[in-house]
Each structure stands twice: as structure tokens, then as C-alpha cells.
2 protein chains.
Amino acid sequence: MTNPSLPPEFSLIARHFRPLAGPGALELRDDAAVMTPPPGRELVLTADAMVAGVHFLPDDPPDLVGRKLLRVNLSDLAAKGAVPLSYLMTISTPRATPDSWYAGFAAGLAADHAEYGVTLLGGDTTSTPGPISLSLTIIGHVAPGQAVRRIGARAGDGIWVTGTIGDGALGLQVALGKLTDPTGFLLERYRLPRPRVGLAICGIASAGMDVSDGLVQDLGHICRENGLAADLDATAVPLSAQARAAGPDWLETCLTGGDDYEVLMAVPPTREAALLAASHAAGIPVTRIGTFHSGTPGVMLRDPGGESLALKKVGWSHF
Amino acid sequence: MTNPSLPPEFSLIARHFRPLAGPGALELRDDAAVMTPPPGRELVLTADAMVAGVHFLPDDPPDLVGRKLLRVNLSDLAAKGAVPLSYLMTISTPRATPDSWYAGFAAGLAADHAEYGVTLLGGDTTSTPGPISLSLTIIGHVAPGQAVRRIGARAGDGIWVTGTIGDGALGLQVALGKLTDPTGFLLERYRLPRPRVGLAICGIASAGMDVSDGLVQDLGHICRENGLAADLDATAVPLSAQARAAGPDWLETCLTGGDDYEVLMAVPPTREAALLAASHAAGIPVTRIGTFHSGTPGVMLRDPGGESLALKKVGWSHF
């Protein structure tokens, strides 16, 4: 009799990931999950990968790594106006990864399940001779045809962002020892994005995306996709008290650094009141930082006098 | 004016992956994809990761790597009786990866789009200091409640498999130089699984999974999940001519080696005729290799005289 004893990966899944499984996940005991799509809704799907040493630091607490993996994907859904539903995840880890790492990673995810109303649908665990490599595919839903897309902005639309810009980029500098922040706020913003889930922008924003690779670069994407120029008022960009405390030498890092996970939107003037109402309802602040207009696609950064400012670096490339 | 020039990852996506994008992918120009679920159908979702040096060899041709990544996921859908629809994919590659690798990888995927009727919905590309790490999440659909699950087998059900068992495991040995196969068949079976998409097993198989970690181990999973014992007739297990040519010393490798990507099913005797009809319709051979019965969960491997056989190794663990 060959005893069907279980290889270590099954024990790992049972201990740490089965408690995260939601409806349709079949307790992670099957090859696949099943899902009944919400009736009358369109699905919105996105996937992001995170690699140790590239997207997070190898000694980052594992619960924050798990939450960041989930939240960067939630942020993409938020920028589309989608309601998050569930996700699939693959994790590739070195054999020497201690059990406590998985426990912490799963605990972080569990905390965010409660916060964002999502559950785990399925996935895969495997070993790697390299750094920890994570991938997450999230599924959300919107009313049919209502997903906010990158395309749709028009000349005259205002440029709006949620929250504050630059905290994540400055937090990375804190983690690298290049900047100090006694409050711990910036480091936490780097390690733990706050996806703007719940801001009801469908039917309000004419275009949108989340700011992950730097405000100027990401705004440039919207310009290019829509054939529009953007006047960005540098002094209107919302900064946290901690980012302001870092001083003007760090402003460029704020505008180009990435890891913001705020929502960047084009909003027609006629819908500004609706945006402000949605902002109030969700408790998510929004700020107007400029205007789209006709012209050669690109971002013109202006100082308070309307003069253009030059930047050394536009944004962050993953390559 | 800050020119919104594109970082290398965008050019990579545009050149190699945009041509793979299907309906709802928004040409991979957005943060997320949209999908209208097929009306009245239930979705079936699964994700698998593949890492160079673990799941494929670093010098495997990139087109075959792409196809294998897609096909191992298609195989999971096939084992659930699901019709494939589309997929999201994340790829993490070393910076030195040549453009020709991406071109080959995408060409392999494109070939399989035509063969299996799937398209790319979205994903992410990123760099890694480690080996190439790939993750793919695939979406298929079935009639509501009809997905074939691992749970559902009953005592008296026959044990059936599609195709032939052991070719992939022997192909790996060929790749490693430990076995010769002048026909090239075994190596191709290792590098290019043939997922059994199209075998209409919903309503026929009482349980099913694909064989990826070794027939004996995977059958053990079905035993454990259903609280059943399995009598597996070693001589009934279908072997290719090339596997038979390798000789009896390789039989254990065939039964335990993995990388088969065939469908393993429990089929009640009353539905055998329906299975054979489905097999004929799809052009996918099926073979009965044993019987489930009541007893301590586990796999009893029997020789032609009904005597039990012992194995040195049960199957393949990814850890």
C-alpha cells in the first residue's frame, strides 16, 4: 500500500493559506476555483508581480509584504472604480524560507481581507532558487461599460488626485537610510499602500489610473493615451506634513518617485461636485492639481507664477 | 515640457505582448482588463507559477516555455471540464534577457492561442535579480455546478486516464542525458504538454484532476479527498511506444514522475459509454486503469497477477 502522504507544499497550503480561502475556492483542495459572476456586472481583472529586492526589501516584515501585494492590485481596481471580489496568487519562495515568513505573510493578507472584503480563490506555491517572487491576480466588478479607463479624458478636464503624493517614494528613502522621519509615517506609506477602494468614480472620472510609477510619468501616460497636454501645478500637489517637513529638495522625488497608490483622474468641470460628494461619502480626500488641454502630449510642470519647471528624472521603470 | 517617453517595459509590452491581447484587454494599455462573463455560465479559475531551473530548464526554447506555461494551466481547466476563455500573466525576467527570448516566448503563446481559442487579458512585466519567474492565471467556464471536482468519486467507480502516462517524466530524463530517445517524442512531451481541452467530462466523471505530480501521488490525492482506496493495475496504465521502448526499469518513473498533463478521472460504470463517446468525439483516447473501492485511503499498485507492487518514490513535490 502506497500511503498518500502529503508533500511539504500541501502542509504549507493547509496551514497558512486554507484559512484565507473564500467562496468558490473549494478550500484550495482542488485544481481550480469556481466563481459565479455577480449577475449583470462586468468583471475587472488585473495582475501584478512583486519580487524581493525589486518591489520590496528582503527584510520587510512578511505581513506587510502580503498586504502590499494585495493592495497594489486593489489600487488598480480602485482606479477603475471597481468593487473588489477575490484573487488568485502564486508564490515562489526559497526552500530555506522559514515557516514564520509564511505565517506572517498570510496574517497580513487575512487582515486585509477584513478591511477590503476580499477572499482568496486559488493559486500555486513553488520553490525558487532565486528571491521570493509573488504574483497576484485580482477580480472586481463594475456596472457594464462603466469601468474608468485611461482613455476618455478631454481638453478642459481637471486633473485630480486622491490623498497625498510622494510619501511612498520618501518612505523608500527612509528605508534606505537617506532620509529621516521620526514619525514613521513615510516608511509605513512605502510599506503599506492605502488603495482608494470605495471612491465611487464610475460616471464621474472621464479617465483614471493609479499612481504607482511616479505622478509625472503616470500623468504622461494619460496625456499620451488621450492625445492631450497637461498643465500640472506643482504647488497644488497635495503633500503630507511629513513630506513637507522633508523640505523642497525632496519635491522632485515626491513628483516622480512612485509607490503612491493614489488615484489620478481626469474630471470634467461639470462633474466636480459629484466627485467632491463621492470623496466625502468615502472619506477619501481629492485635490485638483491641474488641467488637461489640447497640445502636444506631455506634462508641463508649473510653479506658482505659471513658469515651467524642469525635472531631472521623469519616473520609475521596472526595467 | 517633460516628454512622456516610455520606459523599456512599455516597449517590451507593445512589441511582444500587445499582439496577444484579446477582447477586454484594452490593448494592454490600461491598468486592468474588463470581461463580460459568458451569460449563464460559472467561471473556473486557476493559477500556476513556473520558475527557470525548477519547472523548465534555463536553455529550453522560449516558445516552448510560453506554451508550457499556458498549457499547464489549460490542463487544469481540462480536468474540470471547463472551456478556456482568457488569461492574465506576470513575467519577471533578468535585465540581461535578450529581446529574442521575449519574441520566442510570445510566438509560442500566439501559436497556442490559435490552437486553444484563448487570448491574453492582462498582466505585468518586471525585472528580477533571480531566474525567470512566470505566473499565469487562466479563466474558463462551465455550466453552473458542473465543474468536475476532486471530490465526488465513489466506491465502484472506474479509474480512467487520458492519453499515455510517463512520457513527460522520461522526457526530462532525456533532457538530462540519462535516457536516449532517437524519436524526440519523449523530450517533446516534457517540453510541450498536450492539455486535454475539449474532452466533455462534465456530467460523466464523478471526480477528476490532471496528472502533473505523478500518477500515483495524484491518484492518492483523489483517494484521500474522497476517503477511498484505489486498486491501480500497473499493466493497464497506457504507455507510449517510446516509454515501452525505455524498458521495465523506467516503469516506476512513468508512474511517479509527473509532467503528464493527462486527465485522471473517476467514472461510474453507468457512464463509461458516455465517456467513450466523449473520447471519440474529441479524439482523445481514454483508458481504464483500475477501480476505487472502500478502504483505507491509498493507492494499491497491482501487477498482472493481482499482487501488490512497492514503489521507491511516490511523486514529485515542488518543495
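Values computed for the structure shown
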{"quantity": "Candidate set: the range B:117-142, residues that are among the small types (Gly, Ala, Ser) and in contact with a Leu (Cβ under 8 Å, 6 or more places away or on another chain); chosen: the one farthest from the other protein chains (Cβ to nearest Cβ)", "calculated": "B:140"}
{"quantity": "Subset of the range B:74-85 [within 20 Å of residue B:33 (Cα to Cα) and at the interface with chain A (Cβ under 9 Å from one of its Cβ atoms)]", "calculated": "none"}
{"quantity": "Selection status of residue A:128, in the same structural domain as residue A:16 (by TED's automatic domain parsing), without any contact (Cβ under 8 Å) to a residue 40 or more places away in the chain and within 19 Å of residue A:10 (Cβ to Cβ)", "calculated": "yes"}
{"quantity": "Options A:228, A:275, A:215; residue that is within 26 Å of residue A:47 (Cα to Cα) and in the same structural domain as residue A:185 (by TED's automatic domain parsing)", "calculated": "A:215"}
{"quantity": "Whichever residue in the range B:29-45 is facing another protein chain (nearest Cβ under 7 Å) and not in a strand (DSSP E or B) and, among such residues, is modelled with the highest pLDDT", "calculated": "B:32"}
{"quantity": "Number of the condition not met by residue A:40 [criteria: (1) within 27 Å of residue B:82 (Cα to Cα); (2) surrounded by fewer than 22 Cβ atoms within 10 Å (Cβ to Cβ); (3) without any contact (Cβ under 8 Å) to a residue 24 or more places away in the chain]", "calculated": "(3)"}
{"quantity": "Residue check for residue B:67: of a type in the set (Lys, Arg) and crowded, with 24+ Cβ neighbours inside 10 Å", "calculated": "yes"}
{"quantity": "Qualifying positions in the range A:130-156 - crowded, with 21+ Cβ neighbours inside 10 Å, touching a His at 6+ places or on another chain (Cβ under 9 Å) and assigned to a loop (DSSP other than H, G, I, E, B)", "calculated": "A:150"}
{"quantity": "Matching option when the condition is in the same structural domain as residue A:162 (by TED's automatic domain parsing) and out of contact with any Gly (no Cβ under 7 Å at 6 or more places or on another chain), among A:248, A:269", "calculated": "A:248"}
{"quantity": "Qualifying residue in the range B:6-14 (condition: over 17 Å from residue B:125 (Cβ atoms), facing another protein chain (nearest Cβ under 9 Å) and touching a residue at least 60 places away in the same chain (Cβ under 8 Å))", "calculated": "no"}
{"quantity": "Test: residue in the range B:112-121 that is in contact (Cβ under 8 Å) with a residue 60 or more places away in the chain, more than 25 Å from residue B:147 (Cα to Cα) and of a type outside the set (S, T, N, Q)", "calculated": "no"}
{"quantity": "Residue, nearest to residue A:69 (Cα to Cα), within the range B:86-102, restricted to residues that are more than 9 Å from chain A (Cβ to nearest Cβ) and among the hydrophobic types (A, V, I, L, M, F, W, C)", "calculated": "B:96"}
{"quantity": "Residue in the range A:243-257 that is more than 14 Å from the chain's Cα centre (by Cα) and among the aromatic types (Phe, Trp, Tyr) present", "calculated": "yes"}
{"quantity": "Set B:156, B:163: member being closer than 22 Å to residue B:235 by Cβ and in contact with an Asp or Glu (Cβ under 6 Å, 6 or more places away or on another chain)", "calculated": "B:163"}
{"quantity": "Residue within the range A:63-80 that is more than 18 Å from residue A:114 (Cβ to Cβ) and part of a loop (DSSP other than H, G, I, E, B) present", "calculated": "no"}
{"quantity": "Conditions (1) charged (D, E, K, R); (2) at pLDDT 95 or above; (3) part of a helix (DSSP H, G or I): number failed by residue B:48", "calculated": "(3)"}
{"quantity": "Segments classed as strands (runs of 3 or more DSSP E), wholly inside the range B:168-285, with at least 3 members that are buried (at least 23 other Cβ atoms within 10 Å of the Cβ) and touching a residue at least 12 places away in the same chain (Cβ under 8 Å)", "calculated": "B:207-211, B:262-267"}
{"quantity": "Failed criterion for residue A:165 (all others in (1) assigned to a loop (DSSP other than H, G, I, E, B); (2) over 14 Å from the mean Cα position of the chain (by Cα) hold)", "calculated": "(2)"}
{"quantity": "Residue B:21 vs. criteria more than 7 Å from chain A (Cβ to nearest Cβ), touching a strand residue (DSSP E or B) at 6+ places or on another chain (Cβ under 6 Å) and buried (at least 20 other Cβ atoms within 10 Å of the Cβ)", "calculated": "yes"}
{"quantity": "Search result, residues across the range A:51-63 that are at pLDDT below 95 and either surrounded by fewer than 18 Cβ atoms within 10 Å (Cβ to Cβ) or more than 23 Å from residue B:28 (Cα to Cα) (or both)", "calculated": "A:53, A:54, A:56, A:57, A:58, A:59, A:60, A:61"}
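One line per residue, one yes/no per condition, for (1) in contact with a helix residue (DSSP H, G or I) (Cβ under 9 Å, 6 or more places away or on another chain); (2) among the hydrophobic types (A, V, I, L, M, F, W, C); (3) not assigned by TED's automatic domain parsing to the domain that holds residue B:171:
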site: B:67; (1), (2), (3): yes, no, yes
site: B:75; (1), (2), (3): no, no, yes
site: B:79; (1), (2), (3): no, yes, yes
site: B:107; (1), (2), (3): yes, yes, yes
site: B:111; (1), (2), (3): yes, yes, yes
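The values are calculated or read from the model by the stated rules, or taken from the named source; none is laboratory data. Everything numeric in this text was worked out from a predicted model, so none of it was measured. For neighbour counting, all protein chains shown are included, and Cβ atoms are generated from backbone atoms with ideal geometry for every residue, glycine included.
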